[in-house]
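K.L.:
Before I ask anything, let me first share the structure, which is written out below as structure tokens.
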Amino acid sequence: ERESKSKGRREKRDDKRGYFGPQSDNQKLFAHDSFFMEVAALASQRFQKIHPINLVYMLWTFTRAGVQATDFFNLAAEHFCGLLPSLDRCGLCTLVWCYSRQRIRHTRLFEQAAQELQRTIRVRSLAPRNFQNTMIAYRWYGKGQETEALTQKLAQWLPRLLDDHDERKPKLRKDVMFSYTCRDGSEVPADAFRINGLNVIARGFVYLDICTPEVEDCLASMTDYVIRSAGRSPVWMRTDGDVCIFATIVAEAVVKGWTKAPALLEKLEAQPSLRQGARPRELSQLETAIEKAKMAV
């Protein structure tokens, strides 16, 4: 009863302060849920008047604020089906990321997005962050015909962003990946891969266990880049324990029977930076994974 009265007083106080009253630390940058619910009610009646890319980032704001609006998201998904070719690379990959983070499994949207992302003209335009968001989404969505086909296509195109890049530089060359164009006409080169970004993608590959020659070749390219980056990339391009985490993922691939993974793990184990900066939990996971890998070979 005391808790109920306290909650009632708090709600009244928040109502007086509008949508931006006190909230928990992880939501303090956003308006209250009631604001988002009113936005959802209005926007769902006006989809035809909202540019698809603007609608994507509206959904992104809901997702970043931790606001669940399942009915609104389902209506938006139905609206997006058929419009996906009109989205740019960031919009398309951010869209499926939002639905995965919201835990909304809209089958038609995910399947159409996977088909769109497999188009050569589309996949060749993807920047590192787009690869990451896509793998986060489809790792959650799970294994299936479209997921496997998409993973194959991503694995075929990703190495070109690694093999031809100087790991000392934070931006990709324009002849490797076209730049972002700002409203004023200026260009901003796309960010290059960091090891922690490759960890996200490799974890998706291994979790889905799509072990094909293309995916294994991609993992080999990623391993080579991780080793080069560990030795030559500036400190600010690295995160503590990044090589340790990557090696753990490769060890998991060994356990799952990936044919090229044992040789890749051997290369990683020879690196002086393998355990550098790793936290005790990460080190423990690495040792456990390596032990299981040795038993599996």
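The values are calculated or read from the model by the stated rules, or taken from the named source; none is laboratory data. In this text the structure is predicted, and so the values were computed from the model without any measurement. Reconstructed Cβ throughout: ideal geometry from the backbone, glycine too, with neighbour counts over all protein chains shown. In case anyone asks, the SASA skips ligands and DNA or RNA and just uses the protein heavy atoms, side chains included. Shrake-Rupley method; radii C 1.70, N 1.55, O 1.52, S 1.80 Å.
K.L.:
Quick check: is even one residue across the stretch 140-148 modelled with pLDDT of 95 or more, of a type in the set (A, V, I, L, M, F, W, C), open to solvent by less than 40 Å² (accessible area, probe 1.4 Å) and touching a Ser or Thr at 6+ places or on another chain (Cβ under 8 Å)?
P.N.:
No, every residue in the stretch 140-148 fails to be modelled with pLDDT of 95 or more, of a type in the set (A, V, I, L, M, F, W, C), open to solvent by less than 40 Å² (accessible area, probe 1.4 Å) and touching a Ser or Thr at 6+ places or on another chain (Cβ under 8 Å).
K.L.:
Please tell me if H106 is under 16 Å from A77 (Cα atoms) and either touching a strand residue (DSSP E or B) at 6+ places or on another chain (Cβ under 9 Å) or not hydrophobic (A, V, I, L, M, F, W, C) (or both). Show your work before the answer.
P.N.:
On the way: under 16 Å from A77 (Cα atoms): yes; either touching a strand residue (DSSP E or B) at 6+ places or on another chain (Cβ under 9 Å) or not hydrophobic (A, V, I, L, M, F, W, C) (or both): yes.
So H106 passes the test.
K.L.:
Within the group S284, S221, S273, S229, which residue is over 23 Å from the mean Cα position of the chain (by Cα) and in a helix (DSSP H, G or I)? Even if it seems obvious, please write down each step before you answer.
P.N.:
On the way: S221 fails: over 23 Å from the mean Cα position of the chain (by Cα); S273 fails: in a helix (DSSP H, G or I); S229 fails: over 23 Å from the mean Cα position of the chain (by Cα).
Checking each option against the conditions leaves just S284.
K.L.:
Quick one: P85 ticks every box in (1) touching an Asp or Glu at 6+ places or on another chain (Cβ under 9 Å); (2) at positive phi; (3) not aliphatic (A, V, I, L, M) bar one, so which box is it?
P.N.:
The one condition P85 does not meet is (2).
K.L.:
Looking only at the stretch 283-297, which residues are open to solvent by 60 Å² or more (accessible area, probe 1.4 Å) and over 11 Å from C244 (Cα atoms)? If you could, list the steps in order and put the result at the bottom.
P.N.:
Of the residues in the stretch 283-297, the ones open to solvent by 60 Å² or more (accessible area, probe 1.4 Å) are 284-285, 287-288, 291-292, 294-295, 297.
Once the filter is applied, which keeps residues that are open to solvent by 60 Å² or more (accessible area, probe 1.4 Å) and over 11 Å from C244 (Cα atoms), the stretch 283-297 yields T288, E291, K292, K294, M295, V297.
K.L.:
If you check L161 against the conditions, is it out of contact with any Pro (no Cβ under 8 Å at 6 or more places or on another chain), at negative phi, modelled with pLDDT of 95 or more and of a type in the set (A, V, I, L, M)? Reasoning before the result, please.
P.N.:
Details: out of contact with any Pro (no Cβ under 8 Å at 6 or more places or on another chain): no; at negative phi: yes; modelled with pLDDT of 95 or more: yes; of a type in the set (A, V, I, L, M): yes.
Criteria not met by L161.
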